[in-house]
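What follows is a single structure, written as structure tokens, with notes after it.
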Amino acid sequence: MSVNAPAGRRRVLLAGILLVALVVVGRAVQLQFVQGGNWQVRAERQHGDTVTLHPARGTIYDRNGVPLAGTRELYRISIAPHEIPNPDVVRLKLRDVAGLSPRDARRAVDTSRKWVVLRGRFESQVHDALRGIPGVYVDAVPQRFYPRGALALEVLGAVSEDGTPSGGIELEMDSVLRGKAGQATVRRDSQGRLVPGAMMRTVQPVPGRDVYLTIDAGLQEIAEAALEQSMTTTQAVGGELLLADPQTGEILAAVSRKGNLRSGSWRAVTEPYEPGSTLKPFTIAALLTANRATMADSVYAEEGVYMLGRRRLTDDHPYGWLTLADALRVSSNIGIAKVAARLYPREQYLNLRDFGFGSPTGVEYPSESGGLLRKPERWSAMSPASLAIGYEINVTPLQMAMAYGALANGGLLLEPHVIREVRARDGRVTHAMTPRAIRRVIAEDVAAKLRPALVDVVASGTAKEASLGPYDVAGKTGTARIVENGRYKPGAHTASFAGFFPADEPQVVFLVKLDEPQGAYYGGLVAAPVIKVALEAALAARNTPIDRTPIAQRPPELPSTGAIRLASSVTFAPRRQSERPGATAVVKLSDRKAAPADSTALAVPETKGLALRDAARTLHAAGFRVSIEGTGDVLSTTPSAGELLGRGRVVHVRAGRGE
């Protein structure tokens, strides 16, 4: 062997080492300088992540700042059992603080499981008790809640756990309420798990703005109690109650019920129905506007049965000659249909369209039905008579309420609103609702001519169950059959009552509708009492949008009962006069004795022997309202001729034939 062999091997070995070193150095240079940026990004991705920071959702308030829907921060708890140093301590905390059962608490710290997410969401005290314990991870989760329970929930809508709105104001105003999401960078360990406390916010979330509704929480509670009580009594399968301001179009209370459960949507805007006789005032409004009739015109009601072509029209009671006002008061289908024949079909159609029927109202709600109003070219020969008494047309309760609002405010159809204003978190108003008149439907004098007849409907007509004693309520009842699958459902009716209060200078327009009441089903018997209960409670309540000063010019005496009971769970106590300087005590109005509408007493004129038409004109001219019983000539009046009676009070007339 050559002596130079070891030296040669050393050179080869050295060359190999140098080559390896060069490769290592070259690879290091490649990783550090050539690919360093890419590897750094991958490392950041492995040990860090960008998460979305959900903003606090805006609060929904009533008109007075009472919170109806808010957001609270709850917590989601996740556990890595292998990281827990003392499982028994965590198990006891989960049982005693988080409320887990002993079995679930044991399973949560079982080391045979890698990762456990506890069911449900937990309050802040649970977060405080578990914070900082290795292996326990607590994440904040915003959750929608409703401080007043289910109050007005059909209008509010709902929000799922992931923040997705489903219906109602929550959906309609989502872009305002949800705010703007932020971003944060979080750190993860070698296993990809979040490192507690290692979070850096890069973009701050912007909280949502607050929405103030036109709803009054106190009035809403009254309306809900009144409707629910009526549905229990009548066993109705559904119901609607609307209260609105006829001067602004603001919705003050809105209740929807279906079956024993709260309706999932605001059915007053989504489900139209045939209104029946509540549509009759608008037929008369068209006649007055076109100068085709006056309220004193007479029509023969055919003693309760009338053949119109092949169709048989009937009244609930047989009537002879009626004034147009009395035909409305007693809700004569025959009388109204016969007079409505004086209108041209296009006049009748345009009148109903102008009152808002057949098109959506534009209220702030994500889905609204426009109802159904067919054009005259699609009418049959019977359509004019049907429309005159509220058939062959579908309307929503909100459309009907707004139409009665036009009768109440002197002829202006207003755009309804359920949103009053939007505010930023610092209290600044960023949007405010302003009343908007869509159109003038009728002249003020036409509305003024209709008002006494609508008052008579309550004073002595079909809506006597809604009477508030000396305080005038104006309205019209309706009873209609229910259509199901294109046919009338046997024995199924809707009972309704619409109008406004007080009759002079109205502050509230109302509509109540009951679906399929059992037993008595007429609007005057089952729907009108709901409004009486609601109005009495509203007048007795401490804080409602109703201004009681012009309604009660002098304080009535307090009744001995001391309170008005609306339902077993709700009692509205009258205000004592000493509670506030200048306060007006308001009590159950039916407990008061009726007082003359005018302090001037007038003598009842002699009408015995006159035809009903002439007697009614004589009594109206003398300043009285009239209630008629029977047909033919006048037999007697109550009070009798010559007796003194306050102006505007009702004279009951009894008539007969040959008695």
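The values are calculated or read from the model by the stated rules, or taken from the named source; none is laboratory data. Owing to the predicted nature of the structure, the values given are computational and were not obtained by experimental measurement. A quick note on method: Cβ atoms are made from the backbone with ideal geometry, for glycine too, and the neighbour counts reach across all protein chains shown. Calculation scope for accessible area: heavy atoms of the full protein, side chains included, ligands and nucleic acids excluded. Shrake-Rupley method; radii C 1.70, N 1.55, O 1.52, S 1.80 Å.
Key figures for this structure:
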item	result
Fully extended contour minus Cα-Cα distance, from R487 to A622, at 0.36 nm per residue	43.7 nm
Full-extension gain in nm, A28 to A424, via 0.36 nm per residue minus C-alpha separation	137.0 nm
The range 439-444 - phi-based ³J(HN,Hα) in whole Hz, Karplus 6.51/-1.76/1.60, Gly and Pro as x	6, 8, 8, 9, 6, 4
Dipole of the range 105-146, positive end: most advanced residue of V136, Y146, L118 [Cβ charges, Cα centre]	L118
Unit charges on C-beta of K, R, D, E only; dipole of the range 310-397, Debye	460
FRET efficiency, A381 to D614 (Cβ-Cβ, R0 25 Å, nearest 0.05)	0.10
Shape of the range 43-134, Cα gyration tensor, a/c cut at 1.5	oblate
In Å², nearest 10: area of S101 left accessible to a 1.4 Å probe	50
Amide H partners (placed H, <5 Å) of L252, local residues excluded	L243, A244, D245
Largest-first ordering by accessible area, 1.4 Å probe, given options M433, M400	M433, M400
Long-range HN-HN contacts of Y61 with modeled amide H, under 5 Å	L68, V211, Y212, L213
Ranked order, K93, K375 - accessible area, probe 1.4 Å, largest first	K375, K93
Residues E606 and D504, FRET efficiency given R0 of 41 Å [Cβ-Cβ distance, rounded to 0.05]	0.85
Hits among lysines - C-alpha to C-alpha of K476 under 26 Å, sequence gap 8 or more where chains match	K258, K280, K338, K375, K449, K464, K489, K513, K532, K588, K593
FRET efficiency, Y300 to S367 (Cβ-Cβ, R0 45 Å, nearest 0.05)	0.45
K464, K114, ranked by accessible area, largest first (probe 1.4 Å)	K114, K464
F122 accessible area, assembled protein chains, probe 1.4 Å, Å²	20
Label-point gap, in nm, between R374 and K114 - each point 7 angstrom along Cα→Cβ	6.7
Estimated distance in nm for a label pair at E444 and H431, the labels positioned 7 Å out from Cα along Cα-to-Cβ	3.4
For the range 393-404, 3J(HN,Hα) per residue [Karplus equation, 6.51 cos²θ - 1.76 cosθ + 1.60, θ = phi - 60°, Hz, x = Gly/Pro]	8, 10, 10, 8, x, 5, 4, 5, 4, 5, 5, 5
